[in-house]
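The values are calculated or read from the model by the stated rules, or taken from the named source; none is laboratory data. Bear in mind that the values here come from a model prediction, so they are computed numbers and not experimental data. Heads up, the Cβs are rebuilt from the backbone with ideal geometry, glycines too, and the neighbour counts pull from every protein chain shown.
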Amino acid sequence: MKFVTQLQESIEKHFNENVLCINGVFYTYQDFATEISKIRFAITSSIEESEKLIGLVTNDDLQTYASIIALWLEGKAYVPVNPSSPIERNTKVFELTETKYVIDSSESSIYQDYQVIATRTLKNTDINLVPKETSGDQLAYILFTSGTTGLPKGVPITFNNVQGLVNAIDAEPTFNLESSDRCLQMFELTFDFSVVTYLFPLLAGACMYTIPKGAIKYFYIFKLIKEQRLTVLTMVPSIINYLRPYFSEINAPDVRYCSFGGGALHHDIAKEWSDCLPNCKIFNYYGPTEFTVYSGFYPYHKETATKNHNGIIAIGTPQKDTRYLVVDENNEEVQLEVTGELCLGGPQITPGYWKNDEKNAKSFFTRKENGEEIRYYKTGDLCFKDQDGDFLYVGRADFQVKIRGYRVELAEIEFHAKAKSDKKVNMVAIDVYNKLGNAELGLAIESEEFEIDEVLEYMKTKMPDYMIPAHVRFIPEFPHSINGKINRKELRTHFDIN
Amino acid sequence: MNREEILSKVTEAFVSVLEHSNFELSDETTANDVDGWESVTHMMIISEVEKKFNIKFKLMDLMNMNNVGDLLKTIESEL
């Protein structure tokens, strides 16, 4: 695979440069190559060739990043699990993917029912970064996102998919990382956005700066920008929403690029943020996990490129080899300036949800274009295309919300809340907005007040922390709209959280 | 305002943001010791504390705040 060979070349070429700064400690590309080789040796000597999906506990350390590259050199996929997520959810992920081996850099691994490769204690070996011949349709990773039925939904991504992403970014003349760049890597490795924040710095020989677990990330990011003089930022918009009260104290002339993704970027805050970064190009990226992170972007500029709809910055145009199509409910293309569901086609499209034919039948379709069968993924995002060919984001077509950049199906929260409660009452999860404009989760319960702690404790054993409702309200009778549906808009007014 | 009064007002801010009171704050308390105190709720707590004391923190102070003791010290310096 071309990009894996490029990774090898970049690592070998930048031996004396730094690859990672974790909690104030720097590691060089040579350190990285050593770790990769040790882990690779452990993989080849203990995992059989046919075993392709390997669990990875995503700690914030050199070994975890090295494990991803070691697996790729061997043509295997990583199945990441977050050590702060409930073990029950993580073992569910391994069960769904039939994962038998888990790479774990923790001091002691809690995955004793699996074959654990403990990467902290491996013996030194010769450096070996030559990739094995791998077919492009093999998987590079599988990520799990919130699903409506209480089960997380697996999104497999192939080496070809990742190559498509690399080709598209390489083709973009306005974005070029250099080995001297200092890049923010704020994402947990179970979150698909992390793929661009480690892959592109590695391909350029640049250095990544991570956020230690337990740090207050907003202030830690500012500390990195200020003290380490970061040059490349990639983040979700909620970061700047939280930093907004302090913008007047931020001036970061070293930042060259700032890319946003994973949520709606609002025009007013983008402008104010842009004032903090006087020498920076801002990119508003769009793309779902199912399409290998990014599918396109809009090059925002506070004076010359501020196209927006209801204050939400445009998502611009598709990147190289990607096709955008806006459709109606019959998957027929709609006219310019008509809102419909955005669908994506091209080399970055996932082969389909992991073992989920029912969902695949709903989310993918093919269409003949100039004699060619093009497969499209339906994003669930409502958009329209304007006269200039730019795409503008309107909203979601379903009950999915974004909490701190993570996709959350409200139905999954309701499922787990109801599963534990012996009171058979109506429960509705909604997104409520705090005064900084960020979504938080609320749980409305149609009942007189009762003890809810046990239900919340149970939910914490089933779902990651960002999916646990921060606010609970008891409402004797839910408001309904005229057609009998629960009126979520009015429910929201019960959550006065500011 | 003495330290005790400050602490009691700070505790009120924590309770109102975290929506529970299963904690006792001391100088050494960090986010790891209190259920629900993490990046997002921290920002809400800070904004609640600013409101209660009618002060405005500096980003430089917030950046180096590691425990409740640091928070109390910063409030004292702002009052």
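Data table
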| item | result |
| --- | --- |
| Candidates A:I225, A:I211 - the one that is within 14 Å of chain B (Cβ to nearest Cβ), buried (at least 21 other Cβ atoms within 10 Å of the Cβ), of a type outside the set (G, A, S) and closer than 16 Å to A:V19 by Cα | A:I211 |
| Per-region count, region A:309-367, residues closer than 26 Å to A:E172 by Cα, of a type in the set (K, R) and modelled with pLDDT under 95 | 0 |
| Those residues of region A:447-457 which are in a loop (DSSP other than H, G, I, E, B) and either among the hydrophobic types (A, V, I, L, M, F, W, C) or within 13 Å of another protein chain (Cβ to nearest Cβ) (or both), in sequence order | A:F450, A:E451, A:I452 |
| Residue, farthest from the other protein chains (Cβ to nearest Cβ), within region B:54-79, restricted to residues that are outside any loop (DSSP other than H, G, I, E, B) and more than 11 Å from the chain's Cα centre (by Cα) | B:E76 |
| The lone exception for A:K460 - which of (1) touching a Pro at 6+ places or on another chain (Cβ under 8 Å); (2) crowded, with 21+ Cβ neighbours inside 10 Å; (3) within 14 Å of chain B (Cβ to nearest Cβ); (4) not hydrophobic (A, V, I, L, M, F, W, C) it fails | (2) |
| Out of A:S50, A:S67, sole residue that is out of contact with any helix residue (DSSP H, G or I) (no Cβ under 9 Å at 6 or more places or on another chain) and of a type in the set (S, T, Y) | A:S50 |
| All positions within region A:236-268 that are out of contact with any Gly (no Cβ under 8 Å at 6 or more places or on another chain) and either assigned to a strand (DSSP E or B) or of a type in the set (V, I, T) (or both) | A:I239, A:I240, A:I250, A:V255, A:Y257, A:C258, A:S259, A:F260 |
| Residue match in region A:239-249 (condition: within 26 Å of A:Q319 (Cβ to Cβ), within 14 Å of chain B (Cβ to nearest Cβ) and within 16 Å of the chain's Cα centre (by Cα)) | yes |
| A:Y393 vs. criteria surrounded by 21 or more Cβ atoms within 10 Å (Cβ to Cβ) and within 18 Å of A:G261 (Cα to Cα) | yes |
| Residue in region A:329-338 that is part of a strand (DSSP E or B) and over 18 Å from A:K153 (Cβ atoms) present | yes |
